[in-house]
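Read the structure below first, then the notes.
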Amino acid sequence: MTTEKKNKLIIGLFGFGVVGQGLYKVLQEVQTADAVIKSVCVKHKDKPRSIDSSLITLNPDDLLNDPEINLIVELIDDADAAYHLVKTALMNGKSVVSGNKNMLAHHLSELIGLQREYGVALLYDASACGSIPVIRNLEEYYDNDLLQSITGILNGSSNFILTRIFQQGWNYNDALKHAQKLGFAESNPSFDVDGFDSMFKLIILALHGFGTLVDPEEVFHYGISTVSDHDILYAREKSKKIKLVAQVSKVNGKKFTMFVLPKLVSDDEYIYNVEEEYNGVIIEGQFYDKQFMFGKGAGAFPTGSAVLSDITARKHSYRYEYKKLNFFASPVYTRDITVEVYLRYHDLVDLSHFDFESVSEKYTGPAYNYVIGKIKLDTLHKMKNLIRKLNVFIAWTGKID
């Protein structure tokens, strides 16, 4: 078992994109971090960067095998490459800070085991909700069995796009391009706008909140990429906004469910006024009711600051204890629930694919049609690939049975 050095943190940084550059600049400003970046591994060495070229390398082994480097910070988009880097670093006796929610959602079970085996730590508060310290709060403050639900806007990019649409009347494509230009959207925008990013984050939060790790393939997620002017008009007529919302909640005490869906949000809900690239998370407990956390969820400095928080936590030997996983009887994941949704469609053929338990409202017009009805979450999950091929838009009303 390898014991880490307790002196100054010597960092090996993988990736120098938006977040990597943000971290580098933040470290220059915060002298109390007692950490220094020794090497930065990138794909293209000759690309112009605001960093000393002597720090740049193309060889991952220059970081992974350097005995002076005692902390690896992984900030790359490629989930498969990130997995290999993080796994190798842990096996080499180096603790790791990661921001790759895709990689973590798929491999956390194995990586938790490697932390124990090699006596190191993997921290990833920066992977979920940018500057909001949700994971550490779930680990430390909500380390009991009273938690009932976690609900929130977990993707700053989608929220930025929806803000531009609702507040400034932009169309979807222009809002998306602007989000990419500002560095809010991922290199693959589908991860943001189709709910993948929120789903990966929700899986991580569910592990720390409820102690169960769910396979990403088992979670239904649906995003905002098919939102239309008709849906915006409907929401406005009902005095609501559309927000991309991630939800994990207990069901009958011994089970829990989770999903990602656009939601028709009323003005009496906490997340109604969460705009731009901000995230908002509502944590609800059995005796403490609802508590709300708010902060920037995208951008170089908010996420870079979150990475710095993980770095300084590791300086003080902090590690996740996974209390819900290790010390509580974890609830069982289920999709056997019913959700009420707004479904906008154009053709009856598209509507015929949806097996509604009941329909409470129906509209047929010259430009579009919609129904509001209750449908099993498991039904939506089984047709998740088909839904993306249909000319429809789905939004959760907030009702769940």
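The values are calculated or read from the model by the stated rules, or taken from the named source; none is laboratory data. All values reported here derive from a predicted model rather than from experimental measurement. Note that we place each Cβ from the backbone using ideal geometry, even for glycine, and neighbour counts take in every protein chain shown.
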Some residue of the range 295-307 being over 30 Å from I37 (Cβ atoms), crowded, with 23+ Cβ neighbours inside 10 Å and of a type outside the set (G, A, S) = no
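Would you call E277 surrounded by fewer than 18 Cβ atoms within 10 Å (Cβ to Cβ) and in contact (Cβ under 8 Å) with a residue 40 or more places away in the chain?
No, not satisfied.
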Residues that are aromatic (F, W, Y): find the strands (runs of 3 or more DSSP E) completely inside the range 252-322 holding 2 or more of those.
-> 255-265, 289-296
Checked against (1) outside the structural domain of V248 (by TED's automatic domain parsing); (2) within 20 Å of the chain's Cα centre (by Cα), S95 satisfies every condition except (2)
Go through the range 28-50 and count every residue that is at pLDDT below 90, assigned to a loop (DSSP other than H, G, I, E, B) and surrounded by 10 or more Cβ atoms within 10 Å (Cβ to Cβ).
-> 4
Could you pull out the residue among K243, K201 that is in a helix (DSSP H, G or I), buried (at least 16 other Cβ atoms within 10 Å of the Cβ) and not hydrophobic (A, V, I, L, M, F, W, C)?
-> K201
Criterion (part of a loop (DSSP other than H, G, I, E, B) and among the aliphatic types (A, V, I, L, M)) met by exactly one of I224, I232 | I224
Which numbered condition H208 misses (of (1) surrounded by 22 or more Cβ atoms within 10 Å (Cβ to Cβ); (2) without any contact (Cβ under 8 Å) to a residue 24 or more places away in the chain) = (2)
Exception for G119 within (1) over 26 Å from I204 (Cα atoms); (2) of a type outside the set (S, T, N, Q); (3) surrounded by fewer than 17 Cβ atoms within 10 Å (Cβ to Cβ) falls at (1)
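Specify the residue that is nearest to T163 (Cα to Cα); the eligible residues are those in the range 250-263 that are of a type outside the set (D, E, K, R) and buried (at least 21 other Cβ atoms within 10 Å of the Cβ).
Here the answer is P262.
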